[in-house]
1. Can you tell me which residues in the stretch 73-123 are touching a helix residue (DSSP H, G or I) at 6+ places or on another chain (Cβ under 7 Å), assigned to a helix (DSSP H, G or I), among the hydrophobic types (A, V, I, L, M, F, W, C) and farther than 21 Å from I51 by Cα?
2. Name every residue in the stretch 113-124 that is under 25 Å from N202 (Cα atoms) and open to solvent by 20 Å² or more (accessible area, probe 1.4 Å), in order of residue number.
3. Could you please tell me which pairs satisfy a Cβ distance under 8 Å, a separation of 6+ or placement on different chains, a first residue in the stretch 189-201 that is over 17 Å from V363 (Cβ atoms), and a second residue that is of a type in the set (D, E)?
4. Counting only residues that are within 16 Å of P75 (Cβ to Cβ) and either touching a strand residue (DSSP E or B) at 6+ places or on another chain (Cβ under 7 Å) or crowded, with 21+ Cβ neighbours inside 10 Å (or both), how many does the stretch 14-43 have?
5. Quick check: is even one residue across the stretch 222-237 among the β-branched types (V, I, T), surrounded by 20 or more Cβ atoms within 10 Å (Cβ to Cβ) and assigned to a loop (DSSP other than H, G, I, E, B)?
6. Please determine, by comparing only the residues of the stretch 159-168 that are crowded, with 19+ Cβ neighbours inside 10 Å and over 15 Å from the mean Cα position of the chain (by Cα), which one is farthest from F109 (Cα to Cα).
7. Would a scan of the stretch 125-139 turn up a residue that is within 21 Å of the chain's Cα centre (by Cα), surrounded by fewer than 22 Cβ atoms within 10 Å (Cβ to Cβ) and closer than 30 Å to P37 by Cβ?
8. Does E183 satisfy the criteria of being farther than 30 Å from A119 by Cα, of a type in the set (D, E) and out of contact with any Pro (no Cβ under 7 Å at 6 or more places or on another chain)?
Amino acid sequence: MSRTDPTRASSSPSQEVSGRGITLDQVTKRYPGQAKPAVDGITLEIPAGKIVMLVGPSGCGKTTTLKMINRLIEPTEGRIVLGDDDVTAIDGDELRRRIGYVIQAGGLFPHMSVAANIAIVPKMLGWSKERIAARVDELLELVSLNPATYRDRYPRELSGGQQQRVGVARALAADPPVLLMDEPFGAVDPITRQRLQDELINIQHELQKTIVIVTHDFDEAVKLGDWIVIFSEGARIVQYDTPERILAEPANEFVENFIGSGAGLKQLTLTRVRDVDLAEAVVARSGEDAAEVLSRVEAAGHGHAVVVDDRERPVSWPSRRQLGRLGVLGSTPDVDLPVIGSGATLNDALDTMLVSSAGAALVTGRRDAFIGVITVEVVMEAITRARASAAEVQHDAPVGTNTGSIDLVPGAPAGDEGAA
């Protein structure tokens, strides 16, 4: 099979893809006593290194489809191919060690520390204590949690967002090529959800895993997905395409109704902050003389200075007037600081700017380090350019159907189905 594998803002052509492709070949799930199958003969190609979102109404079979990939639910018929391997008949526990899995609230074991939770699969695989300890710290850094602060804490000592970050770290512990996520951000508040989504985008930009996510939130699907599968009852695929194409060309009235009103506004989620030009800022550090910083601000013709800590994270954004009243710059973080991650969407950026008296927002990259300033004017220019170019971009969608079959394994006849 040869398919175009387009690159969205979440990936870079120069980066090595660490994920593996997944294909479900005519997979069906029937439950005893039910007249209709929960999943009806689905054939679905999930490209390596991409984020694929499974969306649809409640009870449509999207979670069942996800769980059949790692065989938490065994398919009744059909084959599941991971990379070049038909994994339908291998041991289920062995398969699950090769696939990361994240659920709501992280699914952490409450009696185990953060480090112990993350180390579960590496321990099963026989890693040394030294290698496990290094991997735990590496992953905590990856999900923006300070290892010294969090490795020995217990889940009850963490916020919901922190628990979810640890859940992602645990799923990545053995460096699996595939990550499955079942409503991963559904149990947290909207602000935390946005931050977790941004963190996942940053992680994916760095790691290039194959990620499949079930969500009920179409806005989340547009924000995170390279590809979106829209299901109706029985996991019938109604449309499988890029977010851009689904918003611009919904397949039918079912998709239109599922998208809902405000499709034009949803276009704002198609461009990332990292894709626009950021303004520079005068950067100062906690403990510096405010008068000296004010002089640099005036010389640069700026209205504010960005104060960062020893890890380059922004802690405050004082104006010229505020600098004139200060002696030295403090280190206490401003809880109302308008900060947005570089992987966030322009829609998120605009929301953040609404609370900023400066009419702009601070942008952070990996490990929450400050990288620049985004303004309303820059966002509006980017929106205009994105609308002009979106109509010109066309991609061949991966295979997604509930009829027919495809030859997945060299030499295997089309339609050859393995027993579950």
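1. Passing the criteria: V114, A115, I118, I120, V121.
2. Let us first name the residues in the stretch 113-124 that are under 25 Å from N202 (Cα atoms), namely 114-122.
Residues satisfying the conditions are A115, A116, I120, V121.
3. So the pair list comes out as R193/E220.
4. Within the stretch 14-43, residues that are within 16 Å of P75 (Cβ to Cβ) and either touching a strand residue (DSSP E or B) at 6+ places or on another chain (Cβ under 7 Å) or crowded, with 21+ Cβ neighbours inside 10 Å (or both) number 15.
5. No - not one qualifying residue is present in the stretch 222-237.
6. Applying the filter and picking the extreme gives Q162.
7. Among the residues of the stretch 125-139, not one is within 21 Å of the chain's Cα centre (by Cα), surrounded by fewer than 22 Cβ atoms within 10 Å (Cβ to Cβ) and closer than 30 Å to P37 by Cβ, which makes the answer no.
8. Working: farther than 30 Å from A119 by Cα: no; of a type in the set (D, E): yes; out of contact with any Pro (no Cβ under 7 Å at 6 or more places or on another chain): yes.
Spelling it out, it is not the case that E183 is farther than 30 Å from A119 by Cα, of a type in the set (D, E) and out of contact with any Pro (no Cβ under 7 Å at 6 or more places or on another chain).
The values are calculated or read from the model by the stated rules, or taken from the named source; none is laboratory data. Bear in mind that the values here come from a model prediction, so they are computed numbers and not experimental data. When we count neighbours, we look across all protein chains shown, and the Cβ atoms used for this are built from the backbone with ideal geometry, even at glycine. Areas reflect the complete protein model, heavy atoms only, side chains present, ligands, DNA and RNA absent. Shrake-Rupley method; radii C 1.70, N 1.55, O 1.52, S 1.80 Å.
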